[in-house]
């Protein structure tokens, strides 16, 4: 079936213009409107039903990986605050097949944050006339806007601080193979190389962003012949899991091993974890604002990069005993 991009190319207009016509917005000239509708009919585009159009145009979908983490709470809070202030409804999904909800007959647009959701799926959603704001990757495609964290700069700031602290041996606990993880590891490894600090790939541990990954990595480190001075984790949940396991075995953090994370989730503030603070509430708020602007035909598809900063607490302090 033809998509919104096909109609836009044939009509010589933007995908946003096609979306406005198909959703019966009044900010398109009559001649352009007639041309788009004629081409849509010629291509066999399936128009939203009359009964579903109004409800769909005021419902936003937030699609994310799963509920098994505290990571999404601030993001969701920001999304919901902006959506409700603009009198939009919010639909939340962690289904493996978001296309059944990211459809003009169900929702007017989608905020996506799911590593399982491939680029091709997001493109198909946009082609249907359902604008997408994606929070976990940069994707240059009509109808899609990316809002991403500057992971590299923030991780460099963290690593440079650890090097200044005098640490000379490191391990890295990565998450799944996502753009976020790759950027964080690239900054980690480049700072070590620039400072002449050796790092073996065998000191890279693979995780899945969840707490149990940290527990497992800590077990493996405890079995190794030489513990590193610092375990740098790609997110807070894994860092907290590692700290829990170390303490169960009588290993003091940070006196015996320093641990750092990334994200600054709520529990990290109480456990005094050194981490990177990401403005997640603001990220969710901006994502919803950007999506509604796209839905209403007045938004930009230019990628927005958000800064983050290190939050120095106790879990990295050399010689600190709690």
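The values are calculated or read from the model by the stated rules, or taken from the named source; none is laboratory data. It should be emphasised that the depicted structure is a prediction, and the values quoted were computed from it without experimental measurement. Cβ atoms come from the backbone with ideal geometry, glycine included; neighbour counts cover every protein chain shown.
Here residue 302 fulfils each of the conditions (1) part of a strand (DSSP E or B); (2) at pLDDT below 95 apart from (1).
Here is the figure for the stretch 167-184: residues that are out of contact with any helix residue (DSSP H, G or I) (no Cβ under 8 Å at 6 or more places or on another chain) and at pLDDT 95 or above total 5. Please tell me if residue 149 is under 15 Å from residue 288 (Cα atoms) and within 17 Å of the chain's Cα centre (by Cα). No. Residues of the stretch 120-133 that are touching a residue at least 12 places away in the same chain (Cβ under 8 Å) and outside any loop (DSSP other than H, G, I, E, B): 121, 122, 123, 124, 125, 126, 127, 132, 133.
Scanning the stretch 102-119 for residues that are within 17 Å of residue 19 (Cα to Cα) and in a loop (DSSP other than H, G, I, E, B) returns 102, 103, 104, 105, 106, 107, 108. Here the stretch 160-179 is the region considered, the condition is being part of a helix (DSSP H, G or I) and touching a strand residue (DSSP E or B) at 6+ places or on another chain (Cβ under 7 Å), and the residue that is farthest from residue 202 (Cα to Cα) is 161.
Condition check ((1) under 30 Å from residue 134 (Cα atoms); (2) buried (at least 19 other Cβ atoms within 10 Å of the Cβ); (3) out of contact with any helix residue (DSSP H, G or I) (no Cβ under 8 Å at 6 or more places or on another chain)) across all residues:
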residue: 220; (1), (2), (3): no, no, yes
residue: 236; (1), (2), (3): yes, yes, no
residue: 253; (1), (2), (3): no, yes, no
residue: 285; (1), (2), (3): yes, yes, no
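Of all residues in the stretch 94-113, those that are within 18 Å of the chain's Cα centre (by Cα) and either at pLDDT 90 or above or more than 22 Å from residue 208 (Cα to Cα) (or both) total 6.
Residue-level check: of (1) in the same structural domain as residue 256 (by TED's automatic domain parsing); (2) not in a helix (DSSP H, G or I), residue 157 misses just (2). Going by what's in this entry, would residue 155 be described as within 23 Å of residue 72 (Cβ to Cβ), at pLDDT 90 or above and surrounded by fewer than 24 Cβ atoms within 10 Å (Cβ to Cβ)? No. Annotation note: of 136, 95, the sole residue that is surrounded by fewer than 17 Cβ atoms within 10 Å (Cβ to Cβ), touching a strand residue (DSSP E or B) at 6+ places or on another chain (Cβ under 8 Å) and assigned to a loop (DSSP other than H, G, I, E, B) is 95.
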